1. Within the range 66-76, does at least one residue satisfy the condition of being in contact with an Asp or Glu (Cβ under 8 Å, 6 or more places away or on another chain), over 29 Å from ALA122 (Cβ atoms) and away from ligand 2 (no atom under 16 Å from the Cβ)?
2. All but one of (1) within 13 Å of ligand 1 (Cβ to nearest atom); (2) part of a strand (DSSP E or B); (3) open to solvent by 40 Å² or more (accessible area, probe 1.4 Å) hold for ARG72, so report the exception by its number.
3. Of the numbered conditions (1) acidic (Asp, Glu); (2) away from ligand 2 (no atom under 16 Å from the Cβ); (3) open to solvent by 40 Å² or more (accessible area, probe 1.4 Å), ASP101 satisfies every one except a single condition; which is it?
4. Name the single residue that is surrounded by the most Cβ atoms within 10 Å (Cβ to Cβ) among those in the range 210-224 being within 12 Å of the chain's Cα centre (by Cα) and more than 16 Å from ligand 2 (Cβ to nearest atom).
5. Taking the range 198-209 as the search range and keeping residues that are open to solvent by less than 10 Å² (accessible area, probe 1.4 Å) and in contact (Cβ under 8 Å) with a residue 40 or more places away in the chain, which one is nearest to ligand 1 (Cβ to nearest atom)?
6. Looking for whichever is acidic (Asp, Glu), within 16 Å of ligand 1 (Cβ to nearest atom) and farther than 21 Å from ALA136 by Cα here; the options are ASP187, ASP180. Which one fits?
7. Could you grab me the full set of residues in the range 20-53 that are without any contact (Cβ under 8 Å) to a residue 60 or more places away in the chain and within 16 Å of ligand 2 (Cβ to nearest atom)?
Amino acid sequence: MSAALVEAERLRKVYALPRERLTAPAPQVVAVDGVSFTLQAGRSLAVVGESGSGKSTLARLVMALEPPTAGRILQSGRDLAALSPGELRRARADFQMVFQDPYGSLDPRRTVGWTIAEPLSALTDAGRAEQRERVAEMLAQVGLRAADAEKYPHEFSGGQRQRIAIARALITRPKLIVADEPVSALDVSVQAQVLNLMRELEARFGVTYLLISHDLAVVNYVAAEIAVMYRGRIVEQAPTRALFDRPAHPYTRALLEAVPKPEPGRTRRRRARAEPAGEIGTGCSFAPRCPFAIDRCRVEAPSLRKLETGHAAACHRAEEVIAG
Ligand SMILES: Nc1ncnc2c1ncn2[C@@H]1O[C@H](COP(=O)(O)OP(=O)(O)O)[C@@H](O)[C@H]1O
Ligand SMILES: [Mg+2]
């Protein structure tokens, strides 16, 4: 069997914050706290969780844009941290990224053609003529015109700019695209168009996504698997259908309640409750918010445990959560 596209092993990322006083110890933030997962080619994985749960940090670790504090990450069986600069450059062509803000991630002074071609010129040996040809092809693939290569980002709508960012990410024919909140900045009507495009391209190019979003409704379109993150940890992971049908972690249930349902008379979107600032003690970090919490939850942190094939949750009461 060939190696998984991404293998994350007990990833941890700790950031030191500025000291309040010179003599005080630097406070730390544990952004990612022991995350392990396997991403198989053809099974796009979504990472979902509220703001501050560590999703973007995880994305940067997977892309090797920063090193983990502990743990390691293998891409197609290779540890990127062990590669030479030349090997890393070639490896990067296989792993591309799309960011939330399509305007911020496109250089306003560069033509769209230049921006789309840039990974080709930076990471591969493709010559000018080939670059031009591939740019025209990618523009067509994302529903834009070849002539758009001569224009600048401000001449496009938000949805079109995200199509441009996707064309840029796909031009090296990567195996994996890490998309961090790719549609969060777009109008809801445009979100569906971009997500549909991503799904079409997944099949057409044989690309797999690591899709990051705070919104479960968004990932439903694209993801085969979903990992739910809470305070730097994966608290539930399951195939998409199973997660929607049988959520096993109370936090996943809260997120699902925030997803608008297609029922008449239920048009308002309930938001997941904001996080109270609390001490992280020894127990489950979700216990202070949890309607299922019992005494055990306040003293013993649950580890991720298997409930059924492919479905795991970090909750002492997962069986009751599924049943209730
Ligand atoms: N470069 C950084 N320096 C210090 N703290 C950071 C840095 N990046 C992220 N954090 C902190 O790590 C936590 C997780 O952040 P992030 O990964 O951006 O979460 P998300 O993408 O889910 O909103 C937050 O508390 C954030 O403030
Ligand atoms: Mg983020």
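The values are calculated or read from the model by the stated rules, or taken from the named source; none is laboratory data. None of these values were measured; they are calculated from a predicted model. Backbone-built Cβ (ideal geometry, glycine too); neighbour counts: all protein chains shown. Just the protein is used for accessible areas: all its heavy atoms, side chains included, with ligands, DNA and RNA removed. Shrake-Rupley method; radii C 1.70, N 1.55, O 1.52, S 1.80 Å.
1. No, the range 66-76 contains no residue that is in contact with an Asp or Glu (Cβ under 8 Å, 6 or more places away or on another chain), over 29 Å from ALA122 (Cβ atoms) and away from ligand 2 (no atom under 16 Å from the Cβ).
2. With respect to (1) within 13 Å of ligand 1 (Cβ to nearest atom); (2) part of a strand (DSSP E or B); (3) open to solvent by 40 Å² or more (accessible area, probe 1.4 Å), ARG72 is out only on (1).
3. All conditions pass for ASP101, except number (2).
4. ALA223
5. TYR209
6. Exactly one residue qualifies, and that residue is ASP180.
7. Residue satisfying the conditions is VAL29 alone.
Condition check ((1) open to solvent by 60 Å² or more (accessible area, probe 1.4 Å); (2) under 24 Å from PHE205 (Cβ atoms); (3) in a loop (DSSP other than H, G, I, E, B)) across all residues:
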position	(1), (2), (3)
ALA8	no, yes, no
PRO18	yes, no, yes
ARG21	yes, no, yes
SER51	yes, no, yes
LEU106	no, yes, yes
